[in-house]
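One structure is given below, encoded as structure tokens.
The values are calculated or read from the model by the stated rules, or taken from the named source; none is laboratory data. Because the structure is a prediction, the values reported are computed rather than measured. No Cβ is skipped: glycine too gets one built from the backbone with ideal geometry, and neighbour counts run over all protein chains shown. SASA here: full protein model, heavy atoms, side chains in, ligands and nucleic acids out. Shrake-Rupley method; radii C 1.70, N 1.55, O 1.52, S 1.80 Å.
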Amino acid sequence: MKQYLAVAAACLMAMLAACSGEKNPAGGERIVLGFSQVGAESEWRTANTESIKSAVQEAGIQLRFSDAQQKQENQIKALRSFIAQRVDVIAFSPVVESGWETVLREAKAANIPVILTDRAVKVSDDSLYVTLIGSDFVEEGRKAARWLLEQSPLKDGTEPVRIVELQGTVGSAPANDRMKGFKEVIAANPRFQVVRSQSGDFTRAKGKEVMEAFLKAEGSSIDVLFAHNDDMAIGAIQAIEEAGLKPGQDIVIVSIDAVRGAFEAMMAGKLNVTVECNPLLGPQLVDAIHAVREGRPLPKRIVVEESVFTREQAAEVFPTRRY
Ligand code: AHR
């Protein structure tokens, strides 16, 4: 009965959309995009949502947006609802990497192209999606580790360097890949050891909570915090200050995203470096949608160019940051 009602509601929405004569400003039929977002867990995500919404609106594409609140089951429901509504294109940023095969097959059977933004999926058949637009997370992890080994105040010396790691959402592509890239590079120098690693789910609140636990267990023996995103680093900075230590000095902090909050923390001397992860994917998504609709081929992977920013550069770069 529930399923019947859900399908009936989706059909009604599709009929209403058709009746409302969804035309683009040029007078043709408007493309309808169903987009399922991960949630609103970080400053990065807010900027990503804003970029997608504004680019899609500017292009005259009709958007059906769904927020999964960091739950895969919500994303699967949203994708099924988009299929039932017969949208023209589905795009989504998958919360985790695995578990998508069935629903992506349903989209394929319905002839609805799927574009991945930001995060990857693990599927046995890569024809289940058209392309993935987003960062190289493994490389981001490598960049964080390279800075530590080659440029940080800890690069020289003989003492062991004790690192704690705040991972992103368990099973997500950025958590898996950043951890992999970071480990790969620090393996070159056995002085650098990850002594604790736990998920802070990409949020400030969890980042603070887990850092408190690290500090309780390790006392003042932590040399470095590697956080998989800036929000968790900012939460951890609070925990470090509350423990009577100086973030950025007593504990060197390396994180990822390069959001404005990280620049503020760097300008206050509390964060040492942030690796850029660009959330402004909206314009590339719009280009990909047009390519798909016009039958133009797309590469399977569209990678975004990114930098690394240190606290020495922060004040100069801050005014130019767009997120
Ligand atoms: O998938 C990108 C990651 O997700 C960003 O680094 C993080 O801030 C977000 O929540």
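Filter the stretch 287-322 down to the residues that are surrounded by 14 or more Cβ atoms within 10 Å (Cβ to Cβ), among the charged types (D, E, K, R) and part of a loop (DSSP other than H, G, I, E, B), then identify the one that is farthest from the chain's Cα centre (by Cα).
This residue is ARG311.
For residues that are β-branched (Val, Ile, Thr) and in a strand (DSSP E or B), scanning just the stretch 82-92, find the one that is farthest from the ligand (Cβ to nearest atom).
VAL89
Of these, VAL138, VAL164, VAL195, which one is touching an Asp or Glu at 6+ places or on another chain (Cβ under 9 Å), within 16 Å of the ligand (Cβ to nearest atom) and either hydrophobic (A, V, I, L, M, F, W, C) or without any contact (Cβ under 8 Å) to a residue 60 or more places away in the chain (or both)?
VAL138
Restricting to the stretch 246-277, give me the number of residues that are open to solvent by 10 Å² or more (accessible area, probe 1.4 Å) and within 16 Å of GLY141 (Cβ to Cβ).
1
Out of PRO153, PRO190, PRO174, PRO160, report the one residue that is touching a Cys at 6+ places or on another chain (Cβ under 8 Å) and outside the structural domain of GLN75 (by TED's automatic domain parsing).
From the options PRO153, PRO190, PRO174, PRO160, the qualifying one is PRO174.
Return the pair list, or none, for Cβ contacts closer than 6 Å from residues in the stretch 297-323 that are farther than 18 Å from GLU140 by Cα and not assigned by TED's automatic domain parsing to the domain that holds ALA120 to residues that are part of a strand (DSSP E or B) and modelled with pLDDT of 95 or more, at least 6 apart or on different chains.
Once the first residue is farther than 18 Å from GLU140 by Cα and not assigned by TED's automatic domain parsing to the domain that holds ALA120 and sits in the stretch 297-323, its partners that are part of a strand (DSSP E or B) and modelled with pLDDT of 95 or more give VAL317/PHE309.
I'd like the residue in the stretch 246-268 that is free of Cβ contacts under 8 Å to residues at least 60 places away in the same chain and aliphatic (A, V, I, L, M) and, out of all such residues, is nearest to the ligand (Cβ to nearest atom).
Of everything passing the filter in the stretch 246-268, ALA262 is nearest to the ligand (Cβ to nearest atom).
Of the residues that sit in the stretch 101-118 and are away from the ligand (no atom under 16 Å from the Cβ) and assigned to a loop (DSSP other than H, G, I, E, B), which one is nearest to LYS180 (Cα to Cα)?
PRO113
Looking at VAL121, VAL95, can you tell me which residue is out of contact with any Gly (no Cβ under 8 Å at 6 or more places or on another chain), within 16 Å of the ligand (Cβ to nearest atom), outside the structural domain of ASP231 (by TED's automatic domain parsing) and modelled with pLDDT of 95 or more?
Selected residue: VAL121, the only one of VAL121, VAL95 that is out of contact with any Gly (no Cβ under 8 Å at 6 or more places or on another chain), within 16 Å of the ligand (Cβ to nearest atom), outside the structural domain of ASP231 (by TED's automatic domain parsing) and modelled with pLDDT of 95 or more.
Among the residues that make up the stretch 278-298, is at least one of them touching a Phe, Trp or Tyr at 6+ places or on another chain (Cβ under 7 Å) and closer than 20 Å to VAL224 by Cα?
No, the stretch 278-298 contains no residue that is touching a Phe, Trp or Tyr at 6+ places or on another chain (Cβ under 7 Å) and closer than 20 Å to VAL224 by Cα.
Among (1) open to solvent by 50 Å² or more (accessible area, probe 1.4 Å); (2) assigned to a loop (DSSP other than H, G, I, E, B), which single condition is VAL95 missing?
(1)
Out of all the residues in the stretch 215-239, which are more than 14 Å from ILE163 (Cα to Cα) and aliphatic (A, V, I, L, M)?
MET232, ILE234, ILE237, ALA239
Do you know which residues across the stretch 29-64 are part of a loop (DSSP other than H, G, I, E, B) and either in contact (Cβ under 8 Å) with a residue 40 or more places away in the chain or open to solvent by 30 Å² or more (accessible area, probe 1.4 Å) (or both)?
Across the stretch 29-64, the qualifying residues are ARG30, ILE31, VAL38, GLY39, ALA40, GLU41, SER42, ALA59, ILE61.
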